[in-house]
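The values are calculated or read from the model by the stated rules, or taken from the named source; none is laboratory data. A quick note: this is a predicted structure, and the numbers were derived from the prediction, not measured. All Cβ positions, glycine included, derive from the backbone under ideal geometry; neighbour counts span all protein chains shown. To get the accessible areas, we keep the full protein, side chains included, count just its heavy atoms, and leave off ligands, DNA and RNA. Shrake-Rupley method; radii C 1.70, N 1.55, O 1.52, S 1.80 Å.
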Amino acid sequence: MKNQKPSWLYSVIAAKCPRCREANMFPPGTLYTSRFADMYQQCPCCGQNFEPEPGFYYGAMYVSFGFSTGIFLIVLFVLSQFVKELTLGMVVITITVIVVGLLPIMFRLSRAVWINIFVRYEGPCNQIAKK
């Protein structure tokens with residue numbers, strides 16, 4: 001069981017390289033800083049390019065939209081369960097605060113999902129050719 005490959009979900013949630021699933025896609029300690037969008041150009045372990053072509057991550061905006069829609073529906077459901085008289089302002093403010101608070105996480109998750117759709121796992125870093 002020691003040679004078991006890391007799961008796709010682990011690669012997305014931990015923002016690991018999709019090709020080797022060992023190295024980070026983002027520098028450590030930058031999640032809730034002004035540099036949350038900083039990303040390595042390539043995997044320090046296997047050499048996978050994290051931006052295979054210009055504009056590659058435009059599609060990640062659709063993934064982020066899906067996350068935002070899910071958050072909207074969850075917030076609307078929770079508010080409707082706990083608040084007797086729901087107002088539009090209350091919903092808008094609550095959703096805005098939550099989405100802005102989760103922005104760095106959603107940004108990274110959507111990019112990790114997007115690149116994991118297109119780059120397949122090839123094996124541990126020490127067993128695959130460096131790009």
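Under 15 Å from the Cβ of Tyr57, count the other residues' Cβ atoms, weight Lys and Arg +1, Asp and Glu -1, and hand me the total. Walk me through the intermediate numbers first.
Numbers: positive: Arg108, Arg111; negative: Asp38, Glu51, Glu53.
Local net charge: -1.
Where nothing but the Cβ of Lys and Arg (+1) and of Asp and Glu (-1) is charged, how large is the charge dipole of the chain around its Cα centre, in debye to the nearest 20?
Numbers: 12 positive and 6 negative charges, 94 e Å.
I would put it at about 460 debye.
Lysine pairs, Cα distance under 21 Å, 8 or more residues apart or cross-chain: how many in the chain?
Details: Lys2/Lys16; Lys5/Lys16; Lys5/Lys130; Lys5/Lys131; Lys16/Lys130; Lys16/Lys131.
Summing the qualifying lysine pairs gives 6.
Mind listing the phi-derived Karplus ³J(HN,Hα) values for segment 80-85, rounded to whole Hz, using 6.51, -1.76 and 1.60 with θ = phi - 60°, and x for any glycine or proline?
5, 7, 10, 10, 5, 10
Quick one: Cα centre-to-centre distance for segment 10-49 and segment 68-116, in angstrom?
25 Å
List, in order, the whole-Hz ³J(HN,Hα) value for each residue of segment 46-60 obtained from phi through the Karplus relation with A = 6.51, B = -1.76, C = 1.60 and θ = phi - 60°; use x for Gly and Pro.
Using θ = phi - 60°, the values come out as 9, x, 4, 6, 7, 10, x, 8, x, x, 4, 8, 4, x, 5 Hz.
Given H placed on each backbone N at 1.01 Å, which residues far from Asn49 in sequence or on other chains put an amide H within less than 5 Å of it?
Cys43
With the other protein chains left in place, how much accessible area per residue, in square angstrom, belongs to the chain at a 1.4 angstrom probe? The partial results should precede the final answer.
Details: 8530 Å² over 131 residues.
For the chain, the solvent-accessible area averages 65 Å² per residue.
Grab the other residues whose beta carbon is less than 14 angstrom from that of Leu9, score K and R as +1, D and E as -1, and report the net.
Details: positive: Lys5, Lys16, Arg21; negative: none.
Charge balance in the 14 Å sphere: +3.
Measure off, as a whole percent, the carbon and sulfur share of the 1.4 Å-probe accessible area of segment 34-131, all protein chains present. Numbers along the way, then the final one.
On the way: 4260 of 6450 Å².
Ligands and nucleic acids excluded, carbon and sulfur give 66 percent.
How much net charge surrounds Phe26 when only other residues with a Cβ under 11 Å from its Cβ are counted (Lys, Arg +1; Asp, Glu -1)? Before the final figure, lay out the partial values.
Details: positive: Lys16, Arg35, Arg108, Arg111; negative: Asp38.
Result for the neighbourhood of Phe26: +3.
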